[in-house]
Structure formats: structure tokens, C-alpha cells
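These notes are about the structure you will find just below.
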Amino acid sequence: HDGITYSFVSNSYAKMLGYSNSKDLVGKTIDQVVSKESYEIMKQRVKNILSEDKMLPSVEFKLITKRGEIKEVESTSVRFLYNNKFSILSSIRDITEKKKIEENRMLLERAIEYDNLKTEFFSNMSHELRTPLNILFSSLQLIGMYTENENNVNVTSIKKYTGIMKQNCYRLLRLINNLLD
């Protein structure tokens with residue numbers, strides 16, 4: 001291409017864009033194929049390539065297929081002299097699948113991170129809820145021991161352990177209210 005119109009198109013490039021014949025693209029302007037968001041980048045790149053005799057690093061573009069779908073591509077371009085004027089030879093590689101895989105990998109990483117946070121949260125909550133319950137059950141067992149025999153009731157110990165039970169009931173209530181909040 002000369003930076004504006006295609007002068008030659010390979011069959012694989014035409015197929016990538018959904019054209020049955022490479023001749024369907026010859027003579028078309030590049031802005032008909034390059035997406036609006038990529039057009040300014042491509043225009044600046046063409047200007048740079050035509051002004052200097054060097055190969056620029058590859059760049060990513062979004063192209064529009066014949067059906068209007070977006071294809072993400074990587075392009076490497078170099079200028080050359082053809083019929084006494086500069087033309088641009090671009091090598092285009094479809095990276096649409098690579099981008100989708102990358103996006104899916106990022107989504108998977110986020111889902112794993114979320115799952116780890118959720119698991120850690122429930123583990124912590126389980127521990128925080130079980131600790132006061134264990135103390136309540138232990139206190140109930142001790143009170144049961146002190147009241148087993150009616151003649152041997154230790155009121156001081158019963159008051160002590162009912163106080164511990166009350167304190168842990170408040171702790172559980174506070175944890176549950178915080179969880180609900």
C-alpha cells in the first residue's frame with residue numbers, strides 16, 4: 001500500500017478479513033479496513049515509515065472485517081521503492097485469539113483471587129464464631145457438674161461461669177451484627 005490505498009493484498013490477508021478474493025481489497029482505501037480508534041495511530045505510523053528508511057517495531061491495530069467484526073492484529077511495516085515511488089510492505093498477524101486468551105486468563109486470575117478471599121473470609125468467620133461457642137459449651141458442662149448433686153451446689157462458680165457465658169453471647173451477637181452490616 002502507499003499509505004492510502006492497497007496496491008497488492010495476499011490471499012491470507014483477504015481471508016482473514018472475510019473476503020473471498022484478494023482482488024476485492026486492491027484499490028480500497030486503508031481507512032475502510034482500519035477501525036476508527038486505530039486509524040490515527042496507523043496514519044502517524046505511515047508518516048513515520050515514509051519519512052525514514054527504517055523498520056519500526058510492530059504495533060497492534062484493530063481491523064474491520066467484511067462482516068463488520070473487529071480483528072485485532074499485529075503489524076510490522078517497512079518502506080520500499082516501487083515504480084519510482086515509496087510504498088509500504090506490511091506483515092499482518094491475527095492476534096484476536098491471543099487477546100481473548102489473555103482476557104480469559106485475567107478473568108480467571110480475578111475469579112481465583114475472589115475465591116481465595118471468600119474462602120479466607122469464611123475460614124476466619126468460622127473460627128471467630130466457634131471460639132465463643134466452645135467457651136459456652138465448656139461453661140455449660142462445668143455448671144452441669146456443679147449442679148449434678150443438689151447438696152453440693154457451688155453458687156460462686158455458677159455465677160462465674162454464667163458471666164463467661166453472657167460475655168461470649170454478647171461477643172457472638174456483635175460478630176453476627178457485624179457480619180450482617
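The values are calculated or read from the model by the stated rules, or taken from the named source; none is laboratory data. Bear in mind that the values here come from a model prediction, so they are computed numbers and not experimental data. For neighbour counting, all protein chains shown are included, and Cβ atoms are generated from backbone atoms with ideal geometry for every residue, glycine included. Ligands, DNA and RNA are excluded from the accessible area calculation, which covers all protein heavy atoms including side chains. Shrake-Rupley method; radii C 1.70, N 1.55, O 1.52, S 1.80 Å.
Overview of values
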{"read-out": "About the Cα centre, charge dipole magnitude for the range 124-178 (Lys/Arg +1, Asp/Glu -1 at Cβ), debye", "value": "260"}
{"read-out": "Lys, Arg +1 and Asp, Glu -1 on Cβ, resulting dipole of the range 54-143 about Cα centre, debye, nearest 20", "value": "740"}
{"read-out": "All lysines inside 25 Å of LYS99 as judged from Cα atoms, apart from same-chain residues fewer than 8 positions distant", "value": "LYS15, LYS36, LYS43, LYS62, LYS66, LYS71"}
{"read-out": "Given charges at beta-carbon only (K, R positive; D, E negative), |dipole| of the chain in Debye", "value": "380"}
{"read-out": "Label of the coordinate-derived value, Cα Rg over 2.2 N^0.38 Å, listed as [x] 1.11; [y] 1.32; [z] 2.29", "value": "[z]"}
{"read-out": "Per-residue [θ]222 nm for the chain (sum of -39500 (n - 2.57) over DSSP H runs n ≥ 4, rounded to 500)", "value": "-19500 deg cm²/dmol"}
{"read-out": "Accessible-area composition of the range 1-145, carbon plus sulfur, in percent [1.4 Å probe]", "value": "55"}
{"read-out": "Radius of gyration and maximum dimension Dmax of the range 14-77, Cα, Å", "value": "12.4, 36"}
{"read-out": "Options THR29, SER139, ASN11, ranked by Cα towards positive dipole end of the chain, top entry (Cβ charges)", "value": "THR29"}
{"read-out": "³J(HN,Hα) computed for each position of the range 25-34 - Karplus, 6.51 cos²θ - 1.76 cosθ + 1.60, integer Hz, glycine/proline x", "value": "9, 4, x, 6, 7, 5, 5, 7, 10, 7"}
{"read-out": "Cα-derived Rg to Rh of the range 1-49, Kirkwood definition", "value": "0.98"}
